[in-house]
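What follows is one structure encoded as structure tokens, with my remarks underneath.
FYI, it's all coordinate maths here, none of it is from the lab. This is a predicted model, so every value here is computed, not measured. Heads up, the Cβs are rebuilt from the backbone with ideal geometry, glycines too, and the neighbour counts pull from every protein chain shown.
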Amino acid sequence: MLAQGKLVAFPTETVFGLGANALSDKAVASIFKAKGRPADNPLIVHLANREQWASVAAELTESASKLLDAFSPGPITVVLEKQPGVSDLVSAGLDSIGIRIPGCEIAREVLQVAGVPIAAPSANVSGRPSCTTWQAVEEDLRGRIDAILCLESAEVGLESTVVDCRSSDPIVLRSGGVSLEAIKEVVPAARLVGSADVEVEFASPGTRHPHYQPLARVTVVEFSNEDESVMGVLRAPATSEGKVAYCGLKACPDSKAIGLKRIFASVPEYSKGFYEFLREADRQGATQIVCESVPEGGLGAALNDRMRRAAARG
Ligand code: TXA
Ligand code: MG
């Protein structure tokens, strides 16, 4: 189906992807249409193996090579100079291209069988939380795409780390499954976008748009806060009995407002279950979701980033 230009959702170790032939303008255009995705947000090209990089990128830089050696196949995307032949639709008119080799074996098998590079954003309606189950993909995209590979994966639960590797000082554009600390161990010059010396204009185009947002209003409470401040949110006048969903690492105080509650055992477990929790809260009709933030280290940076974006209302 992919080789025929159709849209197929498939699992990866991060979130489900919505794949189409990256070499077909028509197929790529249909991804944007199915998701309602703004045309200025570029797509990541997924490859079955590292050797395929030359089909979409012009040059594999030293930093990209080091990062792929260390973390690929896995939850990392490297941004490189684009091969001129690749459609401008995929890169949203940029002269760069993001490539990723998924850690999930099934995903790589799909890519191998397809035989073409596959452009794949997260398989959700644009602006909604990403999907970590095939049922969530069906909920968002049924009738708009051609097939869903109904398998389980999404071990990580948050998207790949996107690193612009075009210069010798790579810039982390989106935190994700591979932590900044781990990246710096391999390429010490790597910097995070938004940090003091990195202009925000480098940010991924995707960061301009609303992301990861459920229907319910999301509030983030600081992990270091005492229970009382959490209670403050739960007592807010807008909340009514049973209409609040709560997720976090620490036990939350009893409150009649809370109708759905999930306490995760660790940051990785929280990351894995976060998007599905947001979706479950919507399914149960919650009007507000209170999320406890986590310490910034490691995967925590990516999880906090997604919470903040889920909470941001444009
Ligand atoms: O884990 C993932 O990366 C998942 C799975 C399916 O692989 N995919 C994913 O794709 O999260 P998407 O489209 O939801 O997010 C891709 C992000 C966007 O923020 C986009 O702006 C950025 O990567 N991006 C893609 N190509 C880029 C480029 N050439 N330059 C800068 N940012 C780029
Ligand atoms: Mg996405």
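Quick notes
- On full extension, the segment bounded by S224 and S96 gains 42.1 nm, given 0.36 nm per residue less the C-alpha separation.
- Cβ crowding within 10 Å ranks I99, I145 as I145, I99, fewest other Cβ atoms first.
- Nearest-ten-degree value, helix 267-283 long axis tilted from longest Cα axis of the chain: 70
- Put in line by how crowded their Cβ is, counting other Cβ atoms within 10 Å and starting with the fewest, K256, K243, K184 read K256, K184, K243.
- Full extension of the chain between E139 and S168 yields a length gain of 6.2 nm, computed as 0.36 nm times the residue separation minus the alpha carbon distance.
- Ranked by the mean number of other Cβ atoms within 10 Å of their residues, highest first, the peptides 167-174, 5-12 fall in the order 5-12, 167-174.
- Amide H contacts under 5 Å for I289: R217, V218, T219, A245, restricted to partners 5 or more places along the chain or on a different chain, H placed in the peptide plane at 1.01 Å from N.
- Extended-chain gain in nm, criterion 0.36 nm per residue less alpha-carbon gap, Q112 and K250: 45.4 nm
- Take the Cβ atoms of A147 and R235, set R0 to 41 Å, and the FRET efficiency comes out at 0.30.
- Modelled this way, with points 7 Å down the Cα-to-C-beta line, the labels at D88 and E181 are 4.4 nm from one another.
- In this structure, the pairs whose alpha-carbon distance is over 25 Å, taken from K82/K272; K35/K243; K26/K82, are K82/K272; K35/K243.
- Prolate/oblate/rounded label for region 47-150 (Cα gyration tensor, a/c 1.5): prolate
- Calculated [θ] (222 nm, deg cm²/dmol) that DSSP helices of n ≥ 4 give over the chain, each run adding -39,500 (n - 2.57): -8000 deg cm²/dmol
- Shape class of region 1-81 from the Cα gyration tensor (axes a ≥ b ≥ c, square roots of the eigenvalues): prolate, since a/c reaches 1.5 or more and a/b is larger than b/c.
- Spatial offset of region 154-173 relative to region 60-105 amounts to 9 Å, using the alpha carbon center of each.
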